[in-house]
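The values are calculated or read from the model by the stated rules, or taken from the named source; none is laboratory data. Quick caveat: nothing in here was measured; it's all calculated off a predicted structure. All Cβ positions, glycine included, derive from the backbone under ideal geometry; neighbour counts span all protein chains shown. Please note that ligands, DNA and RNA were not included when accessible areas were found on the heavy atoms of the full protein model with its side chains. Shrake-Rupley method; radii C 1.70, N 1.55, O 1.52, S 1.80 Å.
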Amino acid sequence: MNDFLLSILLGIVEGLTEFLPVSSTGHLRIVEALFHLNLQDSFWKMYTIVIQLGAILALPVYFWNRILNFLATFPTGERGDRNFMTHPLSLTMIAFVVTALPAWALTKVIGKNLESLWMITLALIIGGIVMWIVDAVFTRPRVTHMEEMSLPQAIWIGACQILSAVFPGTSRSMSTIAAGQIVGLSRAAALEFSFFLSMPTMAAATLYDLYKTLKPSRDTAGEGGIAPLAMNTHEWIVLAIGFIISFIVALGVVAWFMQWVRHRGFAPFAIYRIVLGIVLVILLTRGLI
């Protein structure tokens, strides 16, 4: 496939799936298998990291006014009922810290062994079932806005986010949204906190991956480490196309998803995950991918 067309395709896939509870990692692996690509090649490995940064950028752009309001009211909150530990920005960072160290440690130990299509397929199906059940059972939320969240709720959501780091295909969004609903958050509140939590989580993980890709350590240089890249004009253009498309598509998805969730549930995404997982089982058992 032409590099420019491939960049457009991957940018769209990343932008569409990064913030929906369907697993962007899983979808990129599926595209890689279906089109017989090698996204572990030096350039394309870096490319997939950079287009994720494009998707991440959509969040601060969309939530810019909310972020400014939170900064202006830190630490007491708009109603004066928050403190340094319970302000939404603090809860976001606490949940991030709860995720960061365990996820990093576990990924280094076992994460590399769980990136097969079979593991992603299993995670898609199980995650879809869990999301469907949670969305159907936890229908009486006690918290309808991020500003009303408690410290234990944030810690719980951060702990559940670890699953998505360890098991590709689980979906970071699915883990955090379902975790939020279980502890009493409304769909909209769970989704918004999921988006806010994804900003530091995804930025840290993506920048760390980019650092490892461009400047591998001596310990990993002989084991799949990637030397610093000397990119030509063609590669810069391919990279820019993917970054811009991923950002634009992700921005549209975030805006649409926030409106969708205010009026509808997550069941359609759960069904999609299960159906996609079943299709993958058929393709894998028949050796078609």
(1) open to solvent by 40 Å² or more (accessible area, probe 1.4 Å); (2) of a type outside the set (Val, Ile, Thr); (3) without any contact (Cβ under 8 Å) to a residue 60 or more places away in the chain; (4) closer than 21 Å to Ile241 by Cβ all hold for Asp3 apart from (3)
Search segment 77-96 for residues that are on the phi > 0 side of the Ramachandran plot and assigned to a loop (DSSP other than H, G, I, E, B) and pair each with any residue that is open to solvent by 40 Å² or more (accessible area, probe 1.4 Å) and at pLDDT 90 or above when their beta-carbon atoms are under 9 Å apart and the residues are at least 6 apart or on different chains.
Gly77/Asn83
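Quick check on my filter: what residues within segment 6-30 are farther than 30 Å from Ala188 by Cα and either in contact with a Cys (Cβ under 9 Å, 6 or more places away or on another chain) or open to solvent by 20 Å² or more (accessible area, probe 1.4 Å) (or both)? Full working, then the answer.
In the first step, residues of segment 6-30 are kept if they are farther than 30 Å from Ala188 by Cα; the result is 6-8.
Passing the criteria: only Ile8.
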Residue check, Ser173 closer than 18 Å to Ser23 by Cα and of a type in the set (Gly, Ala, Ser)
yes
Can you tell me which residue among Gly184, Gly158, Gly180, Gly169 is touching a Leu at 6+ places or on another chain (Cβ under 9 Å), more than 21 Å from Gln52 (Cβ to Cβ) and not acidic (Asp, Glu)?
Gly180
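So is Thr121 open to solvent by 20 Å² or more (accessible area, probe 1.4 Å) and among the polar types (S, T, N, Q) or not?
On the way: open to solvent by 20 Å² or more (accessible area, probe 1.4 Å): no; among the polar types (S, T, N, Q): yes.
No: the conditions fail for Thr121.
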Of all residues being open to solvent by 50 Å² or more (accessible area, probe 1.4 Å) and assigned to a loop (DSSP other than H, G, I, E, B) in segment 60-76, which is nearest to Met199 (Cα to Cα)? Just the residue, please.
Phe74
Could you check, for segment 139-147, whether at least one of its residues is part of a helix (DSSP H, G or I) and touching a residue at least 24 places away in the same chain (Cβ under 8 Å)?
yes
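Open to solvent by less than 30 Å² (accessible area, probe 1.4 Å), modelled with pLDDT of 85 or more and outside any loop (DSSP other than H, G, I, E, B): which single residue out of Ala250, Ala204, Ala240 fits that description?
On the way: Ala204 fails: open to solvent by less than 30 Å² (accessible area, probe 1.4 Å); Ala240 fails: open to solvent by less than 30 Å² (accessible area, probe 1.4 Å).
Sole residue among the options that is open to solvent by less than 30 Å² (accessible area, probe 1.4 Å), modelled with pLDDT of 85 or more and outside any loop (DSSP other than H, G, I, E, B): Ala250.
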Among residues of segment 17-55, those that are closer than 23 Å to Thr170 by Cβ, among the polar types (S, T, N, Q) and not in a helix (DSSP H, G or I), counted
2
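Restricting attention to segment 127-134, does a residue exist that is of a type outside the set (A, V, I, L, M, F, W, C), within 17 Å of the chain's Cα centre (by Cα) and open to solvent by less than 80 Å² (accessible area, probe 1.4 Å)? It would help to see each step written out before you state the result.
Residues of segment 127-134 of a type outside the set (A, V, I, L, M, F, W, C): 127-128.
Of the ones still in play, those that are also within 17 Å of the chain's Cα centre (by Cα) are 127-128.
Cutting the leftovers down to open to solvent by less than 80 Å² (accessible area, probe 1.4 Å) gives us 127-128.
Looking for residues that are of a type outside the set (A, V, I, L, M, F, W, C), within 17 Å of the chain's Cα centre (by Cα) and open to solvent by less than 80 Å² (accessible area, probe 1.4 Å), one finds at least one in segment 127-134, hence yes.
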Taking the criterion of being at pLDDT below 95, of a type in the set (Gly, Ala, Ser), within 19 Å of Ser198 (Cβ to Cβ) and open to solvent by less than 70 Å² (accessible area, probe 1.4 Å), would at least one residue in segment 96-104 satisfy it?
yes
Subset tally (residues that are surrounded by 23 or more Cβ atoms within 10 Å (Cβ to Cβ) and part of a helix (DSSP H, G or I)) for segment 161-180
11
Checklist (1) of a type outside the set (Lys, Arg); (2) touching a Leu at 6+ places or on another chain (Cβ under 8 Å); (3) crowded, with 21+ Cβ neighbours inside 10 Å applied to Leu151, failing item
(3)
Single condition His87 does not satisfy, out of (1) more than 14 Å from the chain's Cα centre (by Cα); (2) open to solvent by 20 Å² or more (accessible area, probe 1.4 Å)
(2)
Looking at segment 263-279, is at least one residue over 22 Å from Ala123 (Cβ atoms) and open to solvent by 50 Å² or more (accessible area, probe 1.4 Å)?
yes
